[in-house]
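J.: The structure that follows is given in the form of structure tokens.
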Amino acid sequence: MLTAAYQYFFPPPIRDRSALTKFMSGEASYLAQRSTYEFTRNTLAWHGQAAFGDTAFNDAFRICRWEAFAAVLAGFSVLAFTRLASGPGGRRDELEAALVRLYGDMLGAYETPRHRTDWNDEVADLAIRLRAILPGDSPSAADVVRPAAARVYKTLPARAGNPREEKDVIANALRFGTIGFGERLDRRLRPAETAASLLAG
């Protein structure tokens with residue numbers, strides 16, 4: 001129990017592919033679920049109790065959570081790539097490929113949701129995003145979450161009828177969560193060791 005508490009407040013460094021996988025997937029899952037649930041609950045207000053007891057509503061909300069997870073995780077992969085690719089040793093193209101494989105593996109660690117046959121389009125999109133990042137670029141949290149915010153809004157099971165405000169609420173929730181992720185990543189990541197582990201497969 002004391003060990004678990006210590007690791008919560010003082011998590012170990014991220015030095016390899018396995019640790020990076022656990023960290024990124026867990027953080028993306030938490031942010032995707034928290035942001036979509038809080039938005040939906042606040043939008044529905046007192047209607048929420050009935051909605052969350054409805055099978056059709058929960059099926060739609062499940063799609064939203066899965067799509068949010070994939071989109072947030074792609075953004076986190078972009079941030080991880082910028083940290084890893086800026087380290088010594090180069091091999092930028094190989095790191096791109098390694099991060100794309102990692103992303104596909106993280107999505108593939110779960111049973112494919114019923115509304116999809118695979119995640120191939122998302123994996124291909126991430127490859128395009130990473131290739132577009134020039135050496136020295138450092139995308140902001142707002143840049144990183146823009147595709148995720150659009151995806152979340154598109155798949156939301158409930159809206160209040162004010163698209164501009166709703167999109168801002170979603171984008172801000174994802175942006176603040178992504179800033180926190182980036183700060184934790186910077187504290188824990190050991191880029192040289194993690195990059196070597198990724199390149200080793």
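J.: Please go through the stretch 105-124 and give me each residue that is in contact (Cβ under 8 Å) with a residue 60 or more places away in the chain and assigned to a loop (DSSP other than H, G, I, E, B), ordered by number.
T.: Result: A109, single match.
J.: A follow-up question, please. Mind telling me which of the residues E67, E38 ends up being open to solvent by 30 Å² or more (accessible area, probe 1.4 Å) and either of a type outside the set (A, V, I, L, M) or modelled with pLDDT under 95 (or both)?
T.: E38
J.: If you go through the stretch 94-124, how many residues are of a type in the set (D, E), surrounded by fewer than 12 Cβ atoms within 10 Å (Cβ to Cβ) and more than 12 Å from A70 (Cβ to Cβ)?
T.: Selection size over the stretch 94-124: 1.
J.: So S77 passes all but one of these: (1) in contact (Cβ under 8 Å) with a residue 60 or more places away in the chain; (2) open to solvent by less than 10 Å² (accessible area, probe 1.4 Å); (3) under 21 Å from L198 (Cβ atoms). Which condition number does it fail?
T.: Exception for S77: condition (1).
J.: Suppose we keep only residues that are part of a loop (DSSP other than H, G, I, E, B) and over 21 Å from E38 (Cβ atoms) within the stretch 145-201. Which one would you say is farthest from the chain's Cα centre (by Cα)?
T.: A200
J.: Any residue in the stretch 125-144 that's surrounded by 10 or more Cβ atoms within 10 Å (Cβ to Cβ) and at pLDDT 95 or above: show its pairings with residues that are among the aromatic types (F, W, Y) and assigned to a helix (DSSP H, G or I) at Cβ separation under 7 Å, as long as the two are six or more apart or on different chains.
T.: Between residues of the stretch 125-144 that are surrounded by 10 or more Cβ atoms within 10 Å (Cβ to Cβ) and at pLDDT 95 or above and residues that are among the aromatic types (F, W, Y) and assigned to a helix (DSSP H, G or I), the close pairs are L126/Y103; L130/F81.
J.: Still on this structure, please answer the following. Evaluate the following for E27: is it in contact with a Lys or Arg (Cβ under 7 Å, 6 or more places away or on another chain), modelled with pLDDT of 95 or more, in a helix (DSSP H, G or I) and not small (G, A, S)?
T.: Judged against the criteria, E27 is not a match.
J.: Hey, can you tell me all the residues within the stretch 145-193 that are of a type in the set (D, E) and either in contact with a Leu (Cβ under 7 Å, 6 or more places away or on another chain) or open to solvent by 70 Å² or more (accessible area, probe 1.4 Å) (or both)?
T.: To start, the set of residues in the stretch 145-193 that are of a type in the set (D, E) comprises 165-166, 168, 183, 186, 193.
If the condition is that a residue be of a type in the set (D, E) and either in contact with a Leu (Cβ under 7 Å, 6 or more places away or on another chain) or open to solvent by 70 Å² or more (accessible area, probe 1.4 Å) (or both), then E165, D168, E183, D186, E193 are the ones that fit.
The values are calculated or read from the model by the stated rules, or taken from the named source; none is laboratory data. Note that the coordinates shown come from a computational prediction; the quantities given were computed from them, not determined experimentally. With ideal geometry, Cβ positions are generated from the backbone for all residues, glycine too; neighbour counts draw on all protein chains shown. SASA here: full protein model, heavy atoms, side chains in, ligands and nucleic acids out. Shrake-Rupley method; radii C 1.70, N 1.55, O 1.52, S 1.80 Å.
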